[in-house]
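As structure tokens, the structure follows; a few thoughts come after it.
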Amino acid sequence: AEDGYDLWLRYRTPATTSSALKIEARGDTPTLRAAGEELRRSNFFATKAPTILLATATDRDVAALRLPLAALGDEGYRVGYVTLGNRRTLLVTGNTDRGVLYGSFALLRHLQTGGSLDRIDLTSTPRVKLRVLNHWDNLDGVVERGYAGASLWDWWTLPDFRDPRYTDYARANASIGINGTVLNNVNAKADSLTAPYIAKAAALADVFRPYGIKVYLSARFSAPIELGGLKTADPLDPQVAAWWKAKTDEIYRSIPDFGGFLVKANSEGQPGPRDYHRTHADGANMLAAAVAPHGGIVMWRAFVYAETDPEDRAKQAYTEFKPLDGKFASNVIVQVKNGAIDFQPREPFHPLFGAMPKTPLMIEFQITKEYLGFATHLAYLGPMFAETLGSETMQTPGETVAKVVDGSVEHHTLTGMAGVANIGRDRDWAGSTFNQANWYAFGRMAWDPTLGAAPVAREWAAMTFAPSPKIVDPVVAMMMGSREAVVDYMTPLGLAHVMATGHHYGPGPWVANLKRPEWNPVYYHRADKAGIGFDRTKTGSDAIAQYSPALARQLANPATTPERELLWFHHVAWDRRMASGRTLWAEMVGDYDQGVGYVASMRRQWDALKPSIDSARWTKTATYLAVQQREAQWWRDASLAYWMSVNGLPIPAGTAAPA
Ligand code: GCW
């Protein structure tokens, strides 16, 4: 039965056998073997059976063709027909085995999406260097903010047992170009750096290596105290630096191509250099020195906010990091969240993008839907990724977040995109079929941040279901508006962080009694009798001053602030006139309603697809859509009831009809 295990790697049409497929690989490396095996899994080549040649640019026959391969770099590929000794051959090539592997997956994608076998001309090079999943997996198997079962890593049976599922995980990632994985939670335990866990990580690295995937670990900054028995973890203490160097050398003895460390420091209770009155650069550079001789890197997170700091939480990362621009070692990349607060259904882009020209910045997206309805709500995140990546920083002409991330603005070569994984041990990996699309879209957009959300959704739908417009069109139509629907029924018009406390599931805009003020939803929406929204202009927290002067000028005025971000930047009167002519209050009510209505329309579209989709995947999705509709209504009704208790206004006529 279809249970979603195969993800988008379904090679089912045409349903013939692949016995006639001729594949020749030049060289016998694990990566070329993986490429050949992948092609052999498919049924695509039976009828015409061209010879497929997997070979790198250094192969004598390939070199003789004098193809312009240099520009492909060390991960790009070229797939197309060539004539070799009078024989028409489908050549899959690149400068490295990894290029050939990515080319093999591109070939499969071409055929899975209905491309013809006769005309093939696929060339691509990734625009971003580090395309990395962040697993928030704890060593006890619990995944923080994970909604797809326990951790995929079975620490109990590693390193001896290498579950074949680890290989399937690597295949799925390689198919979308992901080339790194951080195995453990950023809320890290020092134990992950002990010898037994290094051996377990090494076993996973062995499985992933042929697929071009490097392993990284989250490092707990206080590990020298906890594991090394030192009195301090002060990054400027020579003993501390020596401990990290020795630890790093130990890791590289087991994992020669270890990628490096990811660090969450001085945030939400995690230890860090600030505990010793050192800067984040001091901390990052100390670790960077330890991994540098091995070619490793440090991904240092900018997600910081301190308990003692009364500053607007949205400002704290910039306040702390902007002055450190130019102070980081060359193998450090600062990892900046999507959103100055925290992965909300919609946040304006983070003000650090464009503000630290001397420092490579990678973006961190959350693929798991902590704030967007967990596993059950259907929310395709492609449009959210694209919206952020396409945001104009207005620092230099034409500068977008994507161009900061891909290094083109400041000519950085260390570039990256991280995605907090939504993967667990569920049969379907991600908790639902449509959640798989978010994993897929993350990988594809990390490879090329300029790919649009819709083309990526089309690929995914064709591969996941079937390449028929009768299926792809409605599925893509459902997906494309789904994230906006979540924004509408949860956080319309720039609201944020109004979710219930702790787990973040369901509405909680009334919550006001948590011990840290900046955890309370009332801190974010600031609704009162007069109006609603967080004033981030000069009369408020002045967070807008962290953007470029040109953008800050726009955001200073509610009239020139995009309405979708209005309440993020301004405290606005309930009766303010919106572009639609409605009052703010009527607009809000209309948005909540529209979100609920969208879910109802997705259910109708899905119902119509019943005859075209296998029953297991159809039924699970249909059930989840019913849950989503019930909960969208809950969000709307609970939120409106609360706002009405604050503003005393009635529901405007013609809106919020009970569904
Ligand atoms: O989004 C918040 C989450 C925490 C998470 C933290 C972070 C890993 O609620 O669960 O901790 O952000 O990104 O560090």
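The values are calculated or read from the model by the stated rules, or taken from the named source; none is laboratory data. Quick caveat, the model's predicted, so the values are computed rather than measured. We place every Cβ from the backbone using ideal geometry, glycine too, and count neighbours over all the protein chains shown.
List of remarks:
- If you check LEU69, LEU91, LEU107 for being away from the ligand (no atom under 16 Å from the Cβ), farther than 15 Å from ALA57 by Cβ and touching a helix residue (DSSP H, G or I) at 6+ places or on another chain (Cβ under 9 Å), only one passes: LEU107.
- Flag if ALA608 is farther than 26 Å from ASP312 by Cα and either aromatic (Phe, Trp, Tyr) or in contact with a Phe, Trp or Tyr (Cβ under 6 Å, 6 or more places away or on another chain) (or both): no
- Those residues of the stretch 327-356 which are under 24 Å from GLY296 (Cα atoms), within 13 Å of the ligand (Cβ to nearest atom) and assigned to a loop (DSSP other than H, G, I, E, B), in sequence order: none
- Within the stretch 202-223, tally of residues that are in a loop (DSSP other than H, G, I, E, B) and more than 30 Å from GLU459 (Cα to Cα): 4
- Among the residues listed as ALA199, ALA188, ALA172, the single one being part of a loop (DSSP other than H, G, I, E, B) and assigned by TED's automatic domain parsing to the domain that holds GLY260: ALA188
- Taking first residues from the stretch 437-450 that are over 10 Å from PRO126 (Cα atoms) and partners that are of a type in the set (Phe, Trp, Tyr) and modelled with pLDDT of 95 or more, the Cβ contacts under 6 Å between residues at least 6 apart in sequence or on separate chains come to ALA437/TYR380; ALA437/TRP460; TYR440/TRP8; TYR440/TRP460.
Yes or no, residue by residue, for (1) within 16 Å of the ligand (Cβ to nearest atom); (2) more than 29 Å from the chain's Cα centre (by Cα); (3) not polar (S, T, N, Q):
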site: ASP206; (1), (2), (3): no, no, yes
site: ILE213; (1), (2), (3): no, no, yes
site: TYR216; (1), (2), (3): yes, no, yes
site: LEU227; (1), (2), (3): no, yes, yes
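- Of all residues making up the stretch 310-326, the number that are away from the ligand (no atom under 16 Å from the Cβ) and closer than 25 Å to GLU370 by Cα: 4
- Out of LEU139, LEU117, one residue alone is within 16 Å of the ligand (Cβ to nearest atom), surrounded by fewer than 20 Cβ atoms within 10 Å (Cβ to Cβ), more than 21 Å from the chain's Cα centre (by Cα) and on the phi < 0 side of the Ramachandran plot. It is LEU139.
- Considering ALA317, ALA289, ALA281, the condition of being surrounded by fewer than 23 Cβ atoms within 10 Å (Cβ to Cβ) and modelled with pLDDT of 95 or more is satisfied by ALA289 alone.
- Screening GLY177 on (1) outside any helix (DSSP H, G or I); (2) on the phi < 0 side of the Ramachandran plot shows it passes everything except condition (2).
- Condition met for THR376 (within 16 Å of the ligand (Cβ to nearest atom), of a type outside the set (Asp, Glu), out of contact with any Leu (no Cβ under 7 Å at 6 or more places or on another chain) and closer than 24 Å to ALA477 by Cα): no
- Selection within the stretch 248-265 - crowded, with 20+ Cβ neighbours inside 10 Å and either assigned to a loop (DSSP other than H, G, I, E, B) or away from the ligand (no atom under 16 Å from the Cβ) (or both): THR248, ILE251, ILE255, PHE258, GLY259, GLY260, LYS264, ALA265
- Checklist (1) away from the ligand (no atom under 16 Å from the Cβ); (2) surrounded by fewer than 24 Cβ atoms within 10 Å (Cβ to Cβ); (3) in contact (Cβ under 8 Å) with a residue 12 or more places away in the chain applied to LEU193, failing item: (2)
- Of all residues in the stretch 487-521, those being away from the ligand (no atom under 16 Å from the Cβ) and in contact (Cβ under 8 Å) with a residue 40 or more places away in the chain number 10.
- Residues located in the stretch 188-229, provided they are among the β-branched types (Val, Ile, Thr) and over 24 Å from ALA281 (Cβ atoms): THR194, ILE198, VAL207, ILE213, VAL215
- The stretch 266-307 - residue that is closer than 16 Å to VAL182 by Cα and among the β-branched types (Val, Ile, Thr) and, of those, nearest to the ligand (Cβ to nearest atom): VAL298
- Here LEU90 clears all of (1) in contact (Cβ under 8 Å) with a residue 12 or more places away in the chain; (2) part of a loop (DSSP other than H, G, I, E, B) except the condition numbered (2).
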